[in-house]
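The values are calculated or read from the model by the stated rules, or taken from the named source; none is laboratory data. Fair warning: this is a prediction, and the values are worked out from it, not measured in the lab. Please note: Cβ atoms are built from the backbone with ideal geometry, for glycine as well, and neighbour counts cover all protein chains shown.
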Amino acid sequence: MKRKITLKINGKPRSDEVEPRLLLIHYLRDVLGLTGPHIGCETSLCGACTVSLDGKAVKSCALLAVQADGREVLTIEGLAANGQLHPVQQAFWDEHGLQCGFCTPGMIMASRQLLERNPNPTEAEIRHGIDGNLCRCTGYQHIVNAVKAAAAKAGA
Amino acid sequence: MGTTTAIRTKTYVGERIRRKEDPRLITGTATYVDDIQMPGMHHASIVRSPHAAARIKGIDAKRALETPGVVAVFTGADVKEVGPVPCGASLPGLRVPQHSILARDRVYFVGHPVAVVVATDRYVARDAVDLVEVDYEPLPAVADPERALEPGAPAVHPEWPDNVAFTYHQEGGDVNKAFAGAEVVVKQRITSQRLIPTAMETRGVVADWRAGDKALTLYSSTQIPHLLRTLVAMMLGLAENRLRVVAPEVGGGFGSKLNVYAEEALMGFVAMRIGKPVKWIESRRENFAATIHGRGHVDYFELAANKDGTILGLKLKLIQDLGAYHQLLTPAIPTLSVLMIPGVYRFQNVFCDIVGVFTNCVPTDAYRGAGRPEATHGIERMVDILADELKIDAAEIRRKNFVRPDEFPFATATGLSYDSGNYAAPLDKALEIVDYNRLLEEQQQARKEGRLVGVGISTYGEICAFGPSPATPAGGWESGSVNIDPTGKVTVATGASPHGQGEETTFAQIAADELGIDIDDVVVVHGDTAIVSYGIGTFGSRATAVGGTAVYFALQELKKKIGTFGAMLLDSGDVSYRAGRCICNKTGKSVSLSEIAAASYRAMKLPPNTEPGLVSTCFWEPPNFTFPFGAHIAVTEIDRETGAVSVKRYVAVDDCGKIINPLLVDGQVHGGVVQGLGQALFEQAVYDETGQLVTGELMDYAVPKATMVPWIESSHTETPSPVNPLGVKGVGEAGTIGASPAIVNSVVDALSHLGVQHLDMPLTPERVWRTLQQHGGQA
């Protein structure tokens with residue numbers, strides 16, 4: 001039995017009939033065509049699927065689409081505003097905070113939340129803040145630099 | 001036609017240029033395989049063996065086929081016409097098991113594909129996998145390579161009861177003489193454990209069959225689209241020109257996608273059978289069980305030396321855990337270990353035996369470093385063990401044995417010719433960065449306070465830029481094409497198929513400098529057999545050194561033609577090309593590249609013996625490998641109570657030849673070091689004695705997280721390679737190769753005063769804690 005969900009995706013209202021067991025990540029990717037968030041494990045361990053739900057970074061592979069009913073979802077696609085990259089996106093680019101790019105949308109969403117909670121984090125706090133997101137390419141160092149750079153820019 | 005000449009002084013090579021590929025990646029608009037949607041697309045899910053060894057007595061797919069949405073189930077009986085999964089490596093006497101894309105009457109490892117379910121929906125396909133009933137008769141299995149060699153061990157393949165796939169011997173010099181005359185011999189068994197590559201994007205395939213054209217398009221997350229095309233075409237009996245392979249955005253490979261997998265041909269087969277596009281996306285669990293693993297060595301080393309620390313010779317018995325089958329390069333990987341076993345040292349007497357062993361595990365194959373990390377780990381551990389035995393400083397013993405700068409090109413005992421090097425330079429630099437002498441004093445002080453602090457050095461050499469074709473299984477050249485449009489915009493097409501390394505940027509840097517144009521006027525394309533000339537791929541730290549060089553030579557050819565057209569347009573016999581313009585050396589008049597391009601395509605007038613257009617392709621065959629090197633130093637401290645190792649400092653000084661883009665080189669080093677550090681401290685693929693994969697998920701397999709790794713102090717020396725005109729060597733694997741011995745040497749150093757001579761990886765808290773208990777070093 002499909003259920004109707006009504007939610008806001010990247011600022012726009014949206015309504016769909018979905019299977020109760022449909023994962024939020026599959027709803028975003030397969031139904032809405034928002035393929036920015038990726039699936040790296042389906043077990044909430046890698047963080048590639050991280051999106052923002054009512055302002056909180058969540059792993060969308062560990063949530064059902066129906067759990068997002070009535071709520072607000074922001075994906076990487078909705079982060080840039082008026083043609084301007086979000087400062088965290090810009091910093092990932094400037095600091096070479098990505099290589100293959102697969103973890104990047106989730107990593108950016110996690111970093112964004114980290115900076116919202118702690119606008120001036122130390123290196124250790126940055127590492128802790130992105131600890132739920134795996135990256136196999138960068139060794140995390142340039143990601144740490146990117147988060148620092150985004151923080152510095154916001155503070156400037 | 002301009003009369004004034006604005007000279008572009010900006011060059012890109014050597015600059016920290018941010019990447020051209022990033023805008024799509026940071027906005028979530030890149031297209032990976034799973035992002036592809038097609039009208040009528042079906043979804044496949046694979047039934048895999050839960051047993052390491054079993055006979056298949058029957059398969060009943062009735063319930064699966066009755067499920068609404070399921071359109072087909074195929075088993076081994078259905079795919080008999082499909083050719084075997086290919087092994088590209090050939091060794092004398094190699095035993096090659098028949099490797100069908102779906103199991104026939106027997107399964108050989110947990111994760112072995114048995115059947116494929118095809119449905120209209122990915123959830124339905126996955127559900128129906130559980131409804132396929134396979135009647136297995138479990139058989140004894142063996143997962144440990146040394147156990148597999150024991151008499152009476154279960155036979156992985158019944159036709160070869162000794163489980164030996166091959167033996168391989170290589171020697172140089174006179175090792176018996178070296179050992180007979182040696183003042184000291186040290187011996188150690190050293191393992192390089194099985195690792196799971198864990199690219200963040202799992203494998204995935206979309207197959208699209210157009211019956212009217214008899215044409216198949218395969219989108220696959222691969223490092224080698226052209227080789228995949230040739231080999232899958234052979235497997236499916238397709239004419240190669242009817243198969244197009246696209247490697248779209250590829251989310252990391254590290255060697256695990258340098259392969260031809262059963263599922264790639266299987267999806268082609270399915271698409272051709274059902275007449276609809278089909279998608280298969282590997283789950284993480286499948287990725288751990290059914291994508292190749294790396295390493296898997298048990299090595300028995302003996303090192304002979306004089307009391308002054310001069311190394312005389314080395315003996316190695318190498319046991320390679322191959323797994324149940326040969327994937328593309330499986331048996332070749334340990335031969336690379338043997339080739340590089342002398343490392344950066346001068347000794348000329350080497351005697352190596354490899355035994356390749358079948359086990360009931362997923363095959364091993366190339367994983368970042370592919371044979372060289374194992375070799376480097378071995379020789380660098382042995383040098384430390386020798387230094388410990390002789391009470392010689394770890395830096396001093398290395399310096400004593402280095403190949404000297406005036407000995408290049410240096411012929412090794414294993415038949416290689418090291419291109420260039422100055423091995424003391426990165427070591428000296430690394431020692432200076434850590435302030436070595438003070439560090440050793442601090443270590444002594446720490447010991448007095450009862451703290452366990454270690455300093456570990458690794459001086460590695462590696463072989464890159466694979467490679468001269470005769471020395472490779474599938475050709476070692478690379479293709480590069482440069483295409484200048486009538487409007488003067490430049491497209492570079494490379495046969496190397498990058499997947500995160502950043503060649504869209506580095507190759508654009510090369511092209512923009514050669515043509516004297518803005519980097520934004522260059523686009524680099526790759527990864528599609530329909531638009532790129534045949535190529536080999538990205539692996540073995542070869543893309544820039546071989547692929548970049550092909551682009552460089554294509555540009556030289558094109559510049560000649562640009563000069564010819566420029567001379568015609570300027571009506572001058574004396575022209576030069578710089579900063580994007582062809583200039584008459586006498587009058588100073590010039591024409592821009594776009595004016596020349598337009599004239600070359602318009603072709604109102606052509607220079608003598610010159611064709612219209614500005615296109616050039618080069619297939620560059622390298623005359624040699626390249627040999628990067630470097631020195632890494634790790635400072636560690638051990639928690640006596642828990643055995644946990646913390647890395648206090650990590651210094652990496654790498655020499656990868658000329659550096660095209662320091663920002664990207666640093667990124668490669670960081671990522672590489674963390675993968676080597678992952679092996680040293682955290683990662684291990686564990687099979688239990690029945691062949692069950694215990695580390696079957698990310699919950700159980702410790703991929704390093706941001707909090708688990710140190711800040712890496714990375715710097716470089718630059719010794720150009722004479723092998724290519726760019727002077728580059730390659731850097732993709734350097735960090736991984738240098739890191740594991742630096743870390744392990746450091747931890748062993750921290751424990752050496754307790755009598756610890758060696759520890760095998762991974763140095764988990766449990767292993768270190770147990771060692772402390774055994775050596776009386778407990779809290």
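Conditions first: (1) within 19 Å of B:His670 (Cα to Cα); (2) more than 10 Å from chain B (Cβ to nearest Cβ); (3) not in a helix (DSSP H, G or I). A:Leu134 passes all but one, so which condition is the exception?
A:Leu134 satisfies every listed condition except (2).
Mind checking which helices (runs of 4 or more DSSP H) fall wholly inside segment B:305-416 and carry at least 1 residues that are over 20 Å from the mean Cα position of the chain (by Cα)?
Result: B:372-390, B:394-401.
In segment A:18-33, which residue that is away from chain B (no Cβ under 11 Å) and in contact with a helix residue (DSSP H, G or I) (Cβ under 7 Å, 6 or more places away or on another chain) is nearest to A:Lys4 (Cα to Cα)?
Only one residue tops the list, namely A:Val18.
Please report, ordered by residue number, the helices (runs of 4 or more DSSP H) entirely within segment B:499-608 with at least 1 residues that are modelled with pLDDT of 95 or more and more than 25 Å from B:Thr11 (Cβ to Cβ).
Here the list reads B:549-570, B:593-602.
Taking segment A:71-91, which residues are more than 8 Å from chain B (Cβ to nearest Cβ), under 11 Å from A:Ile9 (Cα atoms) and buried (at least 22 other Cβ atoms within 10 Å of the Cβ)?
Scanning segment A:71-91 gives a single hit, A:Val73.
Assess whether A:Lys12 counts as being under 18 Å from B:Ile281 (Cβ atoms), in contact with a helix residue (DSSP H, G or I) (Cβ under 9 Å, 6 or more places away or on another chain), more than 11 Å from chain B (Cβ to nearest Cβ) and among the charged types (D, E, K, R).
no
Mind counting the residues in segment B:75-130 that are without any contact (Cβ under 8 Å) to a residue 24 or more places away in the chain and either touching a His at 6+ places or on another chain (Cβ under 7 Å) or buried (at least 16 other Cβ atoms within 10 Å of the Cβ) (or both)?
1
Can you find a residue in segment B:227-240 that is in a strand (DSSP E or B) and within 19 Å of B:Ala496 (Cβ to Cβ)?
No: segment B:227-240 contains no residue that is in a strand (DSSP E or B) and within 19 Å of B:Ala496 (Cβ to Cβ).
Can you pull out the residues in segment B:487-505 that are more than 14 Å from chain A (Cβ to nearest Cβ), in contact with a Gly (Cβ under 9 Å, 6 or more places away or on another chain) and not β-branched (Val, Ile, Thr)?
Within segment B:487-505, B:Gly488, B:Ala493, B:Gly495, B:Ala496 meet the criteria.
Looking only at segment A:99-106, decide whether some residue is in contact with a strand residue (DSSP E or B) (Cβ under 9 Å, 6 or more places away or on another chain), at pLDDT 95 or above, within 22 Å of B:Gly251 (Cβ to Cβ) and more than 8 Å from every other protein chain (Cβ to nearest Cβ).
Yes, segment A:99-106 contains at least one residue that is in contact with a strand residue (DSSP E or B) (Cβ under 9 Å, 6 or more places away or on another chain), at pLDDT 95 or above, within 22 Å of B:Gly251 (Cβ to Cβ) and more than 8 Å from every other protein chain (Cβ to nearest Cβ).
Going by the conditions given, is B:Val164 surrounded by fewer than 20 Cβ atoms within 10 Å (Cβ to Cβ), on the phi < 0 side of the Ramachandran plot and among the hydrophobic types (A, V, I, L, M, F, W, C)?
Against the criterion (surrounded by fewer than 20 Cβ atoms within 10 Å (Cβ to Cβ), on the phi < 0 side of the Ramachandran plot and among the hydrophobic types (A, V, I, L, M, F, W, C)), B:Val164 qualifies.
Within the bounds of segment B:707-716, is there any residue that is in contact with a His (Cβ under 8 Å, 6 or more places away or on another chain), without any contact (Cβ under 8 Å) to a residue 12 or more places away in the chain and either assigned to a strand (DSSP E or B) or within 14 Å of chain A (Cβ to nearest Cβ) (or both)?
yes
In segment A:62-90, what residues are in a loop (DSSP other than H, G, I, E, B) and touching a strand residue (DSSP E or B) at 6+ places or on another chain (Cβ under 6 Å)?
Residues satisfying the conditions are A:Asp69, A:Arg71, A:Thr75.
Can you tell me which residue within segment B:241-285, out of those that are within 11 Å of another protein chain (Cβ to nearest Cβ) and assigned to a helix (DSSP H, G or I), is farthest from B:Val694 (Cα to Cα)?
B:Arg284
Within segment B:214-237, does at least one residue satisfy the condition of being surrounded by fewer than 22 Cβ atoms within 10 Å (Cβ to Cβ) and not assigned by TED's automatic domain parsing to the domain that holds B:Gly69?
For segment B:214-237, residues surrounded by fewer than 22 Cβ atoms within 10 Å (Cβ to Cβ) and not assigned by TED's automatic domain parsing to the domain that holds B:Gly69: absent.
Report, by residue number, each residue of segment B:15-64 that is out of contact with any Leu (no Cβ under 8 Å at 6 or more places or on another chain), part of a loop (DSSP other than H, G, I, E, B) and over 21 Å from B:Glu263 (Cα atoms).
If the condition is that a residue be out of contact with any Leu (no Cβ under 8 Å at 6 or more places or on another chain), part of a loop (DSSP other than H, G, I, E, B) and over 21 Å from B:Glu263 (Cα atoms), then B:Glu15, B:Lys20, B:Glu21, B:Thr29, B:Ala30, B:Pro39 are the ones that fit.
Every residue in segment B:692-748 that is crowded, with 24+ Cβ neighbours inside 10 Å and farther than 23 Å from B:Phe629 by Cα, please.
B:Leu693, B:Ala706 - these are the residues of segment B:692-748 that are crowded, with 24+ Cβ neighbours inside 10 Å and farther than 23 Å from B:Phe629 by Cα.
Only residues that are without any contact (Cβ under 8 Å) to a residue 60 or more places away in the chain, within 13 Å of chain B (Cβ to nearest Cβ) and either over 17 Å from A:Ala110 (Cα atoms) or charged (D, E, K, R) (or both): list them for segment A:52-70, please.
A:Leu64 - this is the single residue of segment A:52-70 that is without any contact (Cβ under 8 Å) to a residue 60 or more places away in the chain, within 13 Å of chain B (Cβ to nearest Cβ) and either over 17 Å from A:Ala110 (Cα atoms) or charged (D, E, K, R) (or both).
Could you identify the single residue in A:Ala124, A:Ala154 that is in a helix (DSSP H, G or I), more than 12 Å from every other protein chain (Cβ to nearest Cβ) and not acidic (Asp, Glu)?
Selected residue: A:Ala154, the only one of A:Ala124, A:Ala154 that is in a helix (DSSP H, G or I), more than 12 Å from every other protein chain (Cβ to nearest Cβ) and not acidic (Asp, Glu).
Given the criterion in a helix (DSSP H, G or I) and either in contact (Cβ under 8 Å) with a residue 24 or more places away in the chain or within 19 Å of B:Gly296 (Cα to Cα) (or both), identify the matching residue among B:Val731, B:Val703, B:Val723, B:Val744.
B:Val744
Is segment B:685-695 home to any residue that is modelled with pLDDT of 95 or more and within 12 Å of chain A (Cβ to nearest Cβ)?
No, segment B:685-695 contains no residue that is modelled with pLDDT of 95 or more and within 12 Å of chain A (Cβ to nearest Cβ).
Here's a check for you: in segment B:620-676, which residue that is of a type in the set (Ser, Thr, Tyr) and buried (at least 24 other Cβ atoms within 10 Å of the Cβ) is farthest from B:Pro765 (Cα to Cα)?
Per the stated criteria, the residue is B:Thr626.
Taking strands (runs of 3 or more DSSP E) that fall entirely within segment B:148-213, which contain at least 2 residues that are away from every other protein chain (no Cβ under 14 Å), under 30 Å from B:Gln675 (Cβ atoms) and of a type outside the set (Gly, Ala, Ser)?
It comes to B:164-172, B:184-192.
Is there any pair linking a residue in segment A:37-51 that is on the phi > 0 side of the Ramachandran plot to one that is of a type in the set (Val, Ile, Thr), with Cβ under 6 Å and at least six apart or on different chains, and which?
Note: no pairs meet the criteria.
With (1) touching a Leu at 6+ places or on another chain (Cβ under 8 Å); (2) of a type outside the set (D, E, K, R); (3) within 29 Å of A:Phe92 (Cα to Cα) as the list, and A:Leu32 as the residue in question, which single condition is left unmet?
Exception for A:Leu32: condition (1).
Looking for something among the polar types (S, T, N, Q), more than 14 Å from every other protein chain (Cβ to nearest Cβ) and closer than 22 Å to B:Phe288 by Cα - is there at least one such residue anywhere in segment B:83-96?
no
Quick check: anything in segment B:561-571 out of contact with any helix residue (DSSP H, G or I) (no Cβ under 7 Å at 6 or more places or on another chain), under 30 Å from B:Thr222 (Cβ atoms) and surrounded by 18 or more Cβ atoms within 10 Å (Cβ to Cβ)?
No: segment B:561-571 contains no residue that is out of contact with any helix residue (DSSP H, G or I) (no Cβ under 7 Å at 6 or more places or on another chain), under 30 Å from B:Thr222 (Cβ atoms) and surrounded by 18 or more Cβ atoms within 10 Å (Cβ to Cβ).
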